[in-house]
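Please treat every number below as a calculation from the coordinates, not as lab data. Treat the numbers as computed from the prediction; the structure is a model and nothing was measured. Glycine also receives a Cβ, built like all others from the backbone with ideal geometry; neighbour counts cover every protein chain displayed.
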Amino acid sequence: MKNLGIPVLLLVLVMAVSSTGIAETYGLGQEKSVGVEITIGGYAELNLPDTLSLDIKWGEPFEQYEISSFDYKVNCDVNVEVSSPGFSNELDGWIEYRLESFNENVSTLGSIKPGESDTFTVYYDGKGSGTLSFQVIIEDIPGNWYEVEAKGSEDPYTDTITWTVTATE
């Protein structure tokens, strides 16, 4: 039995030294702090209407317009380009698109004519949401009103307004 005691003692000693090494290697019984970093990408939502319709009636008092309000949400400063290919006839000179905001965090676009484009900026203000008013307007009866053929609602003149949102740099 005496001969068996020395190898057992050596085995216990080797295991004790090994477990101490494991504890230091893996930090068993010690505290370790790890930092956490989170990044959030820029994002924007514009809740635009599907269509704005303006029914022009020449014999009625002017100014005639259609107004639509829409909400936006942003988590960073964004540029919004508003562009239009136009109607490709006299309507391009008669119609005006106006964008207004009652929020201080939006640079004012003002207005564009069909066939034009302009860019405005929505600045992130900590709230990140608001409302914009978009108008399609004709202010006066043009002198050459008779040069554009009358069309009903089944085959109206159309223009497409494109809204392109990009993060500011």
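Just subtract the alpha-carbon distance of E90 and F70 from 0.36 nm times their residue separation and send over the number in nm, one decimal.
Gain on stretching E90 to F70: 4.4 nm.
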*the range 54-169 - percent relative contact order, Cα under 8 Å, separation 6 or more*: 40 percent
*Would you list which lysines come within 17 Å of K73, measuring only between C-alpha atoms, while excluding same-chain residues fewer than 8 positions from it?*
K127
*Please give the FRET efficiency for S117 paired with S53, using the beta carbon to beta carbon distance and R0 = 30 Å, rounded to the nearest 0.05.*
0.85
*Would you mind checking which residues have amide H under 5 Å from V106's amide H? H placed 1.01 Å from N; only 5 or more apart, or other chain.*
Y123
*Would you mind classifying the range 55-102 by shape? Square roots of the alpha carbon gyration tensor eigenvalues, ordered a ≥ b ≥ c; an a/c under 1.5 is rounded, otherwise it is prolate if a/b is larger than b/c and oblate if not.*
oblate
_Backbone HN-Hα couplings from phi across the range 162-167 [Karplus 6.51/-1.76/1.60, Hz, Gly and Pro as x]_ = 9, 10, 10, 9, 9, 6
*Using label points projected 7 Å from each Cα along Cα→Cβ, tell me how many nm separate K32 and S107, to one decimal.*
4.9 nm
*Looking at the square roots a ≥ b ≥ c of the eigenvalues of the Cα gyration tensor of the range 89-169, which shape do they give, rounded for a/c under 1.5, prolate if a/b is larger than b/c, or oblate?*
prolate
*Go through the range 128-133 residue by residue and turn each phi into a ³J(HN,Hα) via Karplus (6.51, -1.76, 1.60, θ = phi - 60°); whole Hz please, and just put x for glycine and proline.*
x, 9, x, 10, 10, 10
